[in-house]
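One structure below.
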Amino acid sequence: MHYLIQPAAVGDAAIIVPGDKSVSHRAIMLGSIAEGVTEVSGFLAGEDCLATMSAFRSMGVMIERPADTELVVHGVGLRGLQAPRGDLDLGNSGTAMRLMAGVLAGQDFSATLTGDASLTGRPMQRVITPLSRMGADIVSRDGKPPLQIRGNPQLEGIEYTLPMASAQVKSAVLLAGLYANGRTAVTEPAVTRDHTERMLRAMGVPVAARHGRISLEGPARLTACAVGVPADLSSAAFLILAALLADDADILIRDVGVNPTRTGVLDILRAMGGAVTLENPRNLGEEPVADIRVRSSKLRGIEVDPALVSLAIDEFPVLFVAAGAADGATRFTGIGELRVKESDRIAAMATGLRALGIRVEEFDDGAIVHGGRFAGGEVQSLGDHRIAMSLAVAGTVAEGPVTVHDVAAVETSFPGFEACLAGAGADIRSVRGDSA
């Protein structure tokens, strides 16, 4: 399947995007090992989160779904999970695999985590190393999935310094720490998203955080609570950019999560001249939310502050498109982690932008994008949902039709993306087959 985007005017709109993927994953996981019933609203019904739900059902957790975006998770407590009968297939989700490795490390049974071709090519040694130090026995294929995890109900807490900033690795260690004897502490070199810490606190687990060191005492007991999932800022970023690049648009995106560990994309777009403001700030449980207003703006090239990388790691594909439309050059550095995502996102975006007439200089941990005007053309997403959506946004302001190939993976994180972008005025449609 591919997208065909024709030149069209994105205009004024009020938009709601789906729920936050990171929070949705954690609501299932922590709700499953809590005591009591966790009611989840705003759940992201994307393929990644549905894979996580299926995995916990396979381990004996009853999860009801009374509506598309609502879950009722009947927690089994810290020690209540059961050995699955088969492998746990997590599809395309690196978040699910790394976090679940932490949960499974402390069980009294063995389980195997696997996924699709993309996921089984992604590096997992970064979680294997600390979990092994805690006492887990994990067998992998040269540090890549499948992961055969022989749980150890007598894990020991550790002090661990992350070699690179990673919310997924931090979370995996903290989740294992729930089962461990004594204190588990993680020190991170840069701030990363803190959804795990916030939800643990909401479920009654004291989590300390000071000067980049996050710690908890185990074994710990979780108490179920209601979880409201805000709209996903990573998904909103595509609509934000579409509005910024339009000639005359004023878009309001409602109820978006604006956790300060996630808002690097807004800081970068504002530094480029984007008119992005927050309205009606409030809290949804432990998570800050706001309505985001975006007005069309003339963007300029900048040198992106490397300190913002960990606060915008998933949004760099869309920021590459912003740079392609800006006046002057934009330099990205310190983003080497993008090379081991669902695709090599630096190479994928460089190739896609070049196909649309934008000059890109690529190097190991970044790129320089020289702004210009997007030509029509055909581009490949490499089966990466964020590459597909980013290049589709480029198509909204291209000088001719743009075809984005291999877009089925968009359903992993943003079901309804096509309708949402069309609702803002874009001319986009899905076409099955290999040619436009």
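The values are calculated or read from the model by the stated rules, or taken from the named source; none is laboratory data. Just so it is clear, the structure is predicted and the values come from calculations on it, not from any experiment. No Cβ is skipped: glycine too gets one built from the backbone with ideal geometry, and neighbour counts run over all protein chains shown. When the accessible area is computed, the model is the full protein with side chains, heavy atoms only, and any ligands, DNA or RNA have been set aside. Shrake-Rupley method; radii C 1.70, N 1.55, O 1.52, S 1.80 Å.
Values as computed for the structure displayed
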read-out: Positive-pole candidate from 92, 46, 62, dipole of segment 27-92, charges at beta carbon; value: 62
read-out: Accessible surface, per residue, of segment 146-206 when the full set of protein chains is kept, probe 1.4 Å, Å²; value: 34
read-out: Stretch gain in nm, segment residue 364-residue 69, where the contour uses 0.36 nm per residue and the Cα spacing is subtracted; value: 102.2 nm
read-out: Between 0 and 90°, nearest 10: helix 125-134 axis offset from the chain longest Cα axis; value: 20
read-out: Lysines with Cα under 19 Å of residue 144, excluding same-chain neighbours fewer than 8 positions away; value: 170, 341
read-out: Theoretical gain in end-to-end length, residue 378 to residue 1 [0.36 nm per residue, Cα-Cα removed]; value: 134.4 nm
read-out: Positive-end residue, segment 326-398 charge dipole about Cα centroid, Cβ charges, pick of 374, 349, 360; value: 374
read-out: Inter-site label distance for residue 213 and residue 283 at 7 Å from Cα along Cβ, in nm; value: 2.6
read-out: Sum of -39500 (n - 2.57) over DSSP H runs of 4+, divided by residues of the chain (222 nm, nearest 500); value: -8500 deg cm²/dmol
read-out: Cα-based helix-to-principal-axis angle, 21-33 vs the chain, degrees rounded to 10; value: 10
read-out: Gyration tensor (alpha-carbon) shape descriptor, segment 230-355, a/c threshold 1.5; value: oblate
read-out: Computed Kirkwood radius, in angstrom, where 1/r is averaged over Cα pairs of the chain; value: 21.8
read-out: Pairs of alpha carbons in segment 289-436 whose separation is greater than 24 Å (percent); value: 29
read-out: Probe 1.4 Å, protein heavy atoms only - accessible area per residue of segment 289-436 in square angstrom; value: 35
read-out: Of all accessible heavy-atom area on the chain, the percent that carbon and sulfur account for (1.4 Å); value: 48
read-out: Most mobile of 257, 177, 366 in a GNM of the chain (Cα contacts under 10 Å); value: 366
read-out: Karplus 3J(HN,Hα) series, Hz, for segment 398-410 with 6.51 cos²θ - 1.76 cosθ + 1.60 (x for Gly, Pro); value: 6, 7, x, x, 10, 10, 10, 8, 6, 10, 4, 5, 4
